[in-house]
Amino acid sequence: MPLLNGAVSLLGGRSRSGPVGVTGGEDAIITALYQTYRAPLMTFVLRLTGGDRQRAEDVVQETMVRAWREAGRLDLSGPSLMPWLTARENVALGVDKVYPKASPAERRDVVEYYLQRVGLGDAMHKRAVELSNGMKQRVGIARAFALSPKLLLLDEPFGMLDSLTRWELQDVLMEVWAKTKVTAICVTHDVDEAILLADRVVMMSNGPRARIGNIMEVDLPRPRSRKALLAHRDYYAYREELLDFLEAYEGGSNPDSETLARIRDKRAARTGTPVPTAAE
């Protein structure tokens, strides 16, 4: 996964025995989408380009990549909302495409259900330009879950928000996620956020050629809250492992496998749980 150093948190989906990530990261997913939809798109674009295959190839590839980056990923650091549309209309844009065979009433119910879940029941008819940053993030959460995705990617979802709004939206995210249990991958540099949200934390090494340095299973009960987390006796052991890992890589260091093993084993001794290695 070509990510800069940080933590990749995973909210386990319906099966906790599934893969911990996607090999190759974003590029691999883009490739899979491209291969799946290339043929029908090519047929359509070839007609528009008068049979110019090379030009059609370029258009299809660019379209697929842009569609993935703009719509296929839940990027809550700056949700892409149409400012002239209402919160409800922004969510409905995707729902209408995902559920083309549903009746208008059924699609409306889906949109309004998720807006209610994120606390925007009284603000769904406000235009996006009239919403605060926190409310826009809520629209992003509602839109993402309303589309019934198989996988959610969240890239620093609450990084640009103040602490109180961030904590509130973490609770909103966990509450809505609990209804669907969709697998979600969250990229974060916030140690506490990783432990709060994730069932599994994948810690990355430094640099543009980052690799998986450690995998930590977070065996804490759900539903979770920040208050309950701070009161749990194992929370500080998980936190210590994450901080020790970051410290081991500080200043561009490249710790050996024995150092990483000692970090894992220290937490295992405190919690009494087995710890998988990065290879596992």
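The values are calculated or read from the model by the stated rules, or taken from the named source; none is laboratory data. Just so it is clear, the structure is predicted and the values come from calculations on it, not from any experiment. Every residue, glycine among them, receives a Cβ derived from its backbone with ideal geometry; neighbour counts consider all protein chains shown.
Would you point out which residue out of 135, 160, 124 is part of a loop (DSSP other than H, G, I, E, B) and either surrounded by 19 or more Cβ atoms within 10 Å (Cβ to Cβ) or in the same structural domain as residue 81 (by TED's automatic domain parsing) (or both)? Working first, answer last.
Numbers: 135 fails: part of a loop (DSSP other than H, G, I, E, B); 160 fails: either surrounded by 19 or more Cβ atoms within 10 Å (Cβ to Cβ) or in the same structural domain as residue 81 (by TED's automatic domain parsing) (or both).
The unique qualifying residue is 124.
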Condition test on residue 250, is it at pLDDT below 90, on the phi < 0 side of the Ramachandran plot and either among the basic types (Lys, Arg) or not assigned by TED's automatic domain parsing to the domain that holds residue 116 (or both)?
yes
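For residue 149, state whether it is under 20 Å from the mean Cα position of the chain (by Cα) and either at pLDDT 90 or above or assigned to a loop (DSSP other than H, G, I, E, B) (or both). Let's see the steps before the verdict.
Numbers: under 20 Å from the mean Cα position of the chain (by Cα): yes; either at pLDDT 90 or above or assigned to a loop (DSSP other than H, G, I, E, B) (or both): yes.
In short, yes.
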Within the range 96-117, how many residues turn out to be modelled with pLDDT of 90 or more and β-branched (Val, Ile, Thr)?
2
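Test residue 107 against the stated conditions and say whether it is in contact (Cβ under 8 Å) with a residue 12 or more places away in the chain, touching a Gly at 6+ places or on another chain (Cβ under 7 Å) and either outside any loop (DSSP other than H, G, I, E, B) or within 25 Å of residue 231 (Cα to Cα) (or both).
Numbers: in contact (Cβ under 8 Å) with a residue 12 or more places away in the chain: yes; touching a Gly at 6+ places or on another chain (Cβ under 7 Å): no; either outside any loop (DSSP other than H, G, I, E, B) or within 25 Å of residue 231 (Cα to Cα) (or both): yes.
The answer is no for residue 107.
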Index of the failed condition, residue 278 passing every other in (1) modelled with pLDDT of 85 or more; (2) part of a loop (DSSP other than H, G, I, E, B)
(1)
If I filter the range 152-173 down to residues being among the acidic types (Asp, Glu) and under 14 Å from the mean Cα position of the chain (by Cα), which single residue comes out as farthest from residue 96 (Cα to Cα)?
156
For the range 227-238, give me each residue that is within 17 Å of residue 201 (Cα to Cα) and out of contact with any helix residue (DSSP H, G or I) (no Cβ under 6 Å at 6 or more places or on another chain).
236
Given (1) exposed (fewer than 14 other Cβ atoms within 10 Å of the Cβ); (2) within 28 Å of residue 175 (Cα to Cα), number of the condition residue 271 does not satisfy:
(1)
For residues that are in contact (Cβ under 8 Å) with a residue 60 or more places away in the chain and among the β-branched types (Val, Ile, Thr), scanning just the range 163-182, find the one that is surrounded by the most Cβ atoms within 10 Å (Cβ to Cβ).
176
